[in-house]
Amino acid sequence: MIAPACTQGKALAPIRIGRRTFDYSTVHVMGIVNVTPDSFFDGGHHMDRHRAVDRAAEMLDEGADIIDIGGESTRPGSRAVDAEEEMDRVMPVIAGLRARFDVPISIDTTKVQVARAAADAGADLLNDVSGLRFEPDLADLAAERGLPMVLMHSRHTPEIMQREVHYDDLKAEILAELTLAVDLAVGRGVPRDRIIVDPGLGFAKTALHNLEILAMPGFLASMGLPVLVGPSNKSFISAVTDCPVERRTGGSAAAVTAAVMGGVHFIRVHDVATMRQAALVASAMRSIVTKGGGAWMR
């Protein structure tokens, strides 16, 4: 947990995820565990159940507040896998993590069948990169189980999303489309204060679009909901730095810093130790701007 984070406008109500209550006096870190052979950053590294659980344990030692487990790559150009294969990948990891730790677990899936099995095994948060476009019934499951949701902005499917990246007004269109997703979830019984929104860096966005979002993420503040961003190691960093994926740490830290300074509440990252440190310093600077300094001192 890092202190203190920034909020904009009206104070947000805390959100309960698993046994933990998250308020917004801090920015919270979500550690990514991809149980896939083809993730853009760590594909195949955590396909073994024990290795994946051990990596999650390392993230907790490094300061992660939530562990996000995904069994289907959503990188540009990736193809979907069926629910059975996705469950085969993630269920042993969720079970192994839940047996060892009382940590909030997020399941990164667009499928109701996978989400239901994950919730049965102990997942506490549904993270839907489709923003309910693929399977709106995810909202019914969240309402039924009392689970919070992350609703992310995206367009099309990962396989073709980077072919359709035209926006007449990037921020207005993201805001409008996320609002539709939130309204759909609320209409199906998910309490509004159980929803987190994500502008979807890298999903049907150009490098310039991603930089524009990070430069001023406060455009989502009008929704009155907590905001999550996931800039970690994404390709827009290479568009600026000309660095391969394994050398994007510095760019990721810069993106995290910009996001925290801009008012986000959750960051989703691969390198928890380094990005938590970047967020901690950004939080301290933001505290000076908003509170006159001193509140961040330990």
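The values are calculated or read from the model by the stated rules, or taken from the named source; none is laboratory data. Just so you know, these numbers come straight off a predicted model, no measurement behind them. Cβ: placed from backbone, ideal geometry, glycine included. Neighbour counts: every protein chain shown. Ligands, DNA and RNA are stripped out before the accessible areas are found, and what is left, the full protein with its side chains, is counted by its heavy atoms. Shrake-Rupley method; radii C 1.70, N 1.55, O 1.52, S 1.80 Å.
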If I filter the stretch 126-136 for residues that are in contact with a Gly (Cβ under 6 Å, 6 or more places away or on another chain), at pLDDT 95 or above and either closer than 26 Å to Thr179 by Cα or surrounded by 18 or more Cβ atoms within 10 Å (Cβ to Cβ) (or both), do I get at least one hit?
no
Which residues, taken from the stretch 216-256, are under 26 Å from Met59 (Cα atoms), of a type in the set (Val, Ile, Thr) and either in a loop (DSSP other than H, G, I, E, B) or open to solvent by 40 Å² or more (accessible area, probe 1.4 Å) (or both)?
Thr249
What do you reckon, is Ser283 at pLDDT below 95 and either in contact with a Ser or Thr (Cβ under 6 Å, 6 or more places away or on another chain) or open to solvent by 40 Å² or more (accessible area, probe 1.4 Å) (or both)?
no
Can you report the number of residues in the stretch 223-248 which are farther than 15 Å from His153 by Cα, out of contact with any helix residue (DSSP H, G or I) (no Cβ under 7 Å at 6 or more places or on another chain) and at pLDDT 95 or above?
1
Of the conditions (1) among the charged types (D, E, K, R); (2) exposed (fewer than 15 other Cβ atoms within 10 Å of the Cβ); (3) closer than 26 Å to Ile67 by Cβ, the single one that Lys205 does not satisfy is (2)
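I'd like the residue in the stretch 170-202 that is in a loop (DSSP other than H, G, I, E, B) and in contact with a strand residue (DSSP E or B) (Cβ under 7 Å, 6 or more places away or on another chain) and, out of all such residues, is farthest from Leu126 (Cα to Cα).
Of everything passing the filter in the stretch 170-202, Leu201 is farthest from Leu126 (Cα to Cα).
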Looking only at the stretch 11-38, count how many residues are within 17 Å of the chain's Cα centre (by Cα), part of a loop (DSSP other than H, G, I, E, B) and of a type in the set (D, E, K, R).
1
Taking the stretch 86-130, which residues are touching a residue at least 60 places away in the same chain (Cβ under 8 Å), touching a Lys or Arg at 6+ places or on another chain (Cβ under 7 Å) and not in a helix (DSSP H, G or I)?
Asp102, Pro104, Ile105
So which residues in the stretch 148-179 are out of contact with any helix residue (DSSP H, G or I) (no Cβ under 9 Å at 6 or more places or on another chain) and touching a residue at least 40 places away in the same chain (Cβ under 8 Å)?
Val150, Thr157, Pro158, Glu159, Met161, Gln162, Glu164, Glu177
In the stretch 149-169, which residues are crowded, with 24+ Cβ neighbours inside 10 Å and not in a strand (DSSP E or B)?
His153, Ser154
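Say we look at the stretch 261-278 and pick out the residues that are assigned to a helix (DSSP H, G or I) and modelled with pLDDT of 95 or more; which of these is surrounded by the most Cβ atoms within 10 Å (Cβ to Cβ)?
Pass one, the stretch 261-278, residues assigned to a helix (DSSP H, G or I): 261-262, 272-278.
Remaining after also requiring modelled with pLDDT of 95 or more: 272-278.
Numbers: Val272: 25, Ala273: 15, Thr274: 17, Met275: 28, Arg276: 23, Gln277: 16, Ala278: 24.
Restricting to residues being assigned to a helix (DSSP H, G or I) and modelled with pLDDT of 95 or more, the top hit is Met275.
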